[in-house]
Amino acid sequence: MVGTTQDITETKRLEVELLHVKDKTENEERRRLARNIHDGIIQRLQALLLGLNTRIAAAHNGDIFTPEILEETCQDLAGVIQQLRDLSTDLHPEFLDRMTLHDAIFFMCDKLERQSGIEIFVRIGLKLEDLGMVVKRNCYFIFQEAVTNAIKHSRCTLIKVSLEKCCSQTMLIIISDNGQGFDMEEVKSKKDGIGLSIIRERVTRMQGKVDYCSTPGDGTTLTLRIPYNDPNLAC
Ligand SMILES: Nc1ncnc2c1ncn2[C@@H]1O[C@H](COP(=O)(O)OP(=O)(O)O)[C@@H](O)[C@H]1O
Ligand SMILES: [Mg+2]
């Protein structure tokens, strides 16, 4: 009887902890989204508006809008629309609803490889047809953040991404690069980026484990162990 009460208390404590983590992740993601919109899209639109206002003032003084000026403005606008499209895809990649995690990772890595010119080697040794949506989305965003970090920060020439079965009902995800690495303590003390903490929080939400191994000058390896609890999932 005592054991049962303790179990219930422990379950309740874990539930509260998970809710707290979920809340924190969502807040941080909202902050990042706001920063993206502010630093990217709003700044570009403001520059465009400023340019147009200057042209209008000049037009009042007799200058004319040449086709070249209008073309330039259209190009700038098209750039902002593309940025909004990318943001919308990042927020809710529609294809994730239709694709398996396997296909979505190949699709994303292919796109990032073409954009960055950095080779990305992908190996997936698990059938992932029946993976639950929550695990699928969390894993997808973790892959995206880790590969983007390697591209953005590491100056690497090769990124390796793998997903295998580790032991019963647990998948092993490894994302590594041969770049310059970084000092984890230094990054923690600066507290500017939130990508790494969002990875940690997503992993905690899935009740998994995460290990970051990075030393300055010697590349970075991110290792994750995620339980997937799906009896249909086979090697
Ligand atoms: N693969 C990596 N190689 C080198 N440095 C990295 C890597 N991943 C993360 N970092 C370092 O950790 C910092 C924090 O990363 P993150 O929390 O994702 O924030 P952000 O990407 O927005 O800077 C980065 O600014 C970078 O200095
Ligand atoms: Mg990042």
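Where a number appears in this text, it was derived from the coordinates with a stated rule and is not lab data. Keep in mind that what you see is a predicted model, and the values were worked out from it rather than measured. FYI the Cβ positions are ideal-geometry reconstructions off the backbone, even for glycines, and counts take in every protein chain you see.
From the backbone phi of segment 113-125, what are the Karplus-calculated ³J(HN,Hα) couplings (6.51 cos²θ - 1.76 cosθ + 1.60, θ = phi - 60°) in whole Hz, Gly and Pro given as x?
Each residue of segment 113-125 in turn: 5, 5, 5, 9, x, 9, 5, 10, 9, 10, 9, 10, x Hz.
Need one number: nm distance between label points at Gln82 and Thr100, each 7 Å from Cα along Cα→Cβ, rounded to one decimal.
Using points 7 Å along Cα→Cβ, the separation is 3.3 nm.
Could you derive backbone 3J(HN,Hα) for segment 204-209 from the dihedral phi with the Karplus parameters 6.51, -1.76 and 1.60 (θ = phi - 60°), listing whole Hz in sequence and x where the residue is Gly or Pro?
These are the phi-based 3J(HN,Hα) values: 4, 4, 8, 6, x, 10 Hz.
Please list, in order along segment 179-186, the HN-Hα scalar couplings obtained from phi with the Karplus expression 6.51 cos²θ - 1.76 cosθ + 1.60 (θ = phi - 60°), rounded to whole Hz, x for Gly and Pro.
3J(HN,Hα) across segment 179-186, in whole Hz: x, 7, x, 7, 8, 4, 5, 5.
Show the residues, 5+ positions off or on another chain, whose built amide H is closer than 5 Å to the amide H of Thr220.
Asp177, Gly179, Gly181
Quick one: which residues, 5+ away or cross-chain, put their amide H under 5 Å from the amide H of Gly132? H built at 1.01 Å from N.
none
Using amide H atoms built 1.01 Å from N in the peptide plane, name the residues 5+ places from Lys127, or on other chains, whose amide H lies under 5 Å from its own.
Ala234
Quote the charge dipole size of the chain about the Cα centre in Debye, to the nearest 20; the model charges only the Cβ of Lys and Arg (+1) and of Asp and Glu (-1).
460 debye
In deg cm²/dmol and to the nearest 500, what is the mean residue ellipticity at 222 nm of the chain if only DSSP H runs of at least 4 residues count, each as -39500 (n - 2.57), divided by the residue total?
-19500 deg cm²/dmol
Tell me the relative contact order for segment 59-176 as a rounded percent, counting alpha carbon contacts under 8 Å between residues six or more apart. Numbers along the way, then the final one.
On the way: 89 pairs, mean separation 26.0, N = 118.
Reported relative contact order: 22 percent.
Which one of Gln43, Gln180, Gln207 has the biggest mean-square fluctuation once the chain is modelled by GNM with Cα springs under 10 Å?
Gln43
Please tell me the relative contact order of segment 109-235 in percent, rounded to the nearest whole number, where contacts are Cα pairs under 8 Å and at least six residues apart. Before the final figure, lay out the partial values.
Numbers: 219 pairs, mean separation 37.6, N = 127.
This gives 30 percent for segment 109-235.
Which whole-number percent is the relative contact order of the chain (Cα, under 8 Å, 6+ apart)?
Relative contact order for the chain comes out at 19 percent.
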